[in-house]
Amino acid sequence: MNGYNSGTEPCWMPLMELIETCLFDIIHTEDTTGRFIRLYGAGDYWHAFEESAYQLSQLFVTHDVTVLRHKVYPFPVLMVSISDDELQAYGKNHIFRKKVSGYRELVGIGISMKRYKEWHKKEVMKFSSLP
């Protein structure tokens, strides 16, 4: 778990706090080579953004992609989330490059920027076409 106490605050509060306080820094830490998948803990879930979200969506294909807009960043930001249980199960067969409170880093599979950009555009367009 990520230190979340379900009795003290709504389940969405840790994620909102992460987005409000760290999103700009998270976006600027993303690695365009795809060498690493960066996951940020909030509540009972781990969240990956942008290039890390792309890689996570390739590993966990049934998970939804969330499109975010934020006042400090003028472009849509994509996020993919997995539960703490899913990450722990995945970690039994894969090595975490870094494992500290609220942050995990997996060795990535590498990404094609062309495929990443196509995925990003497709996901944003899906969101934009909703009523």
Local electrostatic count at Ala53 - Lys and Arg +1, Asp and Glu -1, tallied over other residues with Cβ under 10 Å: -3
Fewest-first ranking of Trp119, Trp46, using other Cβ atoms within 10 Å as the exposure measure: Trp119, Trp46
Dipole in debye (nearest 20) - the chain, about Cα centre, beta carbon charges: Lys, Arg +1; Asp, Glu -1: 540
Positive-pole candidate from Ser101, Ser81, Leu59, dipole of segment 13-128, charges at beta carbon: Leu59
Candidate lysines for bridging to Lys98, where Cα separation is under 28 Å - those fewer than 8 sequence places away on the same chain excluded: Lys114, Lys117
Gyration tensor (alpha-carbon) shape descriptor, the chain, a/c threshold 1.5: oblate
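We did not get these values from a lab; they are worked out from the coordinates using the rules stated. It should be emphasised that the depicted structure is a prediction, and the values quoted were computed from it without experimental measurement. FYI the Cβ positions are ideal-geometry reconstructions off the backbone, even for glycines, and counts take in every protein chain you see.
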